[in-house]
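One structure is given here, and the rest of the page talks about it.
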Amino acid sequence: MLCILSIRDIRYDKVRGKMTKVHKQSMQEAQADDHAFSPLEEHGLFDNDTVAEPFSQGLWSRPGFLVRRLNQIHYAMFFEECKEENVTPVQYGILTVLAANPWLDQTAIGYEVGLDRTTSADVIKRLEEKGLLERRINPMDRRSRQAAVTPEGLRVMALLKQGMARAQQRLLDPLSLRDRKIFMSLLVELVDANNQYGRAVLKSV
């Protein structure tokens, strides 16, 4: 899951038809600036081997802007489909990691989901307060703490599983099956190639 900007937990209010804030929660800092790039010829964004000036092409020619916007759309879809519980995509990601690998420490959890240690600790603390995770002192290193999903956390994950899957499906619905495979392959390639530039390194696939 890509989290590009500092994001606050939000839910989708179907009655009012807009996004409303549930509570303040900073997830990750964004990359501060847009960067120049070489647009793809098949999309008509440069002419005669001359790279288009990003400023003259506008926001829709900037991959960073489009990735950020797509992330916003994903958050909206996730909260619409998973409105039963006050759980964010990042929190669901951490629950998923710990369900498969219980008793990881905060550093290892951050490595799995691409969060720095401070942010990981903050999100884990909120999950613990909700009763979805439990923590213990690492018996091998008393300076660190490990976390695992509680029975309540597993119940919530099961409750949200289909909604999470629907949100992912809706995000890709505009694309053909062939284009979905290409899109996902290119996303993985981009993330892997630029992984070192993230605030926190993400474990490679």
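From the set of residues in the range 102-117 that are hydrophobic (A, V, I, L, M, F, W, C) and outside any loop (DSSP other than H, G, I, E, B), which is nearest to ALA200 (Cα to Cα)? Please lay out each step first, then the result.
First pass over the range 102-117, keeping only residues hydrophobic (A, V, I, L, M, F, W, C): 103-104, 108-109, 113, 115.
The next check asks that each one be outside any loop (DSSP other than H, G, I, E, B); those that pass are 104, 108-109, 113.
On the way: LEU104: 17, ALA108: 11, ILE109: 11, VAL113: 9 Å.
Checked the range 102-117; the qualifying residue nearest to ALA200 (Cα to Cα) is VAL113.
Mind checking which pairs have a first residue in the range 75-99 that is touching a residue at least 60 places away in the same chain (Cβ under 8 Å) and closer than 10 Å to MET164 by Cβ and a second that is among the basic types (Lys, Arg) and assigned to a loop (DSSP other than H, G, I, E, B), Cβ under 9 Å, 6 or more apart or different chains?
Here the result reads VAL87/LYS130, each pair linking the range 75-99 to a residue that is among the basic types (Lys, Arg) and assigned to a loop (DSSP other than H, G, I, E, B).
Regarding the range 70-82, can at least one residue be identified that is closer than 16 Å to VAL149 by Cα and either among the hydrophobic types (A, V, I, L, M, F, W, C) or part of a helix (DSSP H, G or I) (or both)?
no
Name the residues in the range 173-190 that are under 20 Å from MET77 (Cβ atoms) and assigned to a helix (DSSP H, G or I), would you?
Hits for the range 173-190 are LEU177, ASP179, ARG180, PHE183, MET184, LEU187.
Across the range 159-205, what is the total count of residues that are of a type in the set (Phe, Trp, Tyr) and under 24 Å from ARG117 (Cβ atoms)?
Residues in the range 159-205 being of a type in the set (Phe, Trp, Tyr) and under 24 Å from ARG117 (Cβ atoms): 1 in total.
Residues checked against (1) surrounded by fewer than 16 Cβ atoms within 10 Å (Cβ to Cβ); (2) closer than 22 Å to ARG143 by Cβ; (3) of a type in the set (Ser, Thr, Tyr); (4) out of contact with any Leu (no Cβ under 6 Å at 6 or more places or on another chain):
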site: VAL87; (1), (2), (3), (4): no, no, no, yes
site: TYR92; (1), (2), (3), (4): no, no, yes, yes
site: ALA100; (1), (2), (3), (4): yes, no, no, yes
site: LEU104; (1), (2), (3), (4): no, yes, no, yes
site: TYR111; (1), (2), (3), (4): no, yes, yes, yes
site: THR118; (1), (2), (3), (4): yes, yes, yes, yes
site: ALA121; (1), (2), (3), (4): no, yes, no, yes
site: GLU128; (1), (2), (3), (4): no, yes, no, yes
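Which ones in the range 123-142 are part of a helix (DSSP H, G or I), touching a residue at least 12 places away in the same chain (Cβ under 8 Å) and not β-branched (Val, Ile, Thr)?
Residues satisfying the conditions are ARG126, LEU127, GLU128.
If the requirement is being farther than 20 Å from LYS203 by Cβ and modelled with pLDDT of 95 or more, which of these qualifies: ALA158, ALA147?
Just one listed residue meets the conditions, ALA158.
Yes or no: ARG145 of a type outside the set (Asp, Glu), in a strand (DSSP E or B), out of contact with any His (no Cβ under 9 Å at 6 or more places or on another chain) and touching a residue at least 12 places away in the same chain (Cβ under 8 Å)?
Yes; evaluated as a whole, the condition is true for this residue.
If we keep just the residues of the range 53-69 that are modelled with pLDDT under 90 and outside any helix (DSSP H, G or I), which is farthest from LEU133 (Cα to Cα)?
GLU53
In this structure, does THR96 turn out to be surrounded by 13 or more Cβ atoms within 10 Å (Cβ to Cβ), at pLDDT 95 or above, of a type outside the set (A, V, I, L, M, F, W, C) and in contact with a Leu (Cβ under 9 Å, 6 or more places away or on another chain)?
Answer is no for this residue.
The values are calculated or read from the model by the stated rules, or taken from the named source; none is laboratory data. This structure is a prediction, so every number in the text was calculated from the model and none was measured. As a convention, Cβ positions derive from the backbone with ideal geometry for all residues, glycine included, and neighbour counts pool all protein chains shown.
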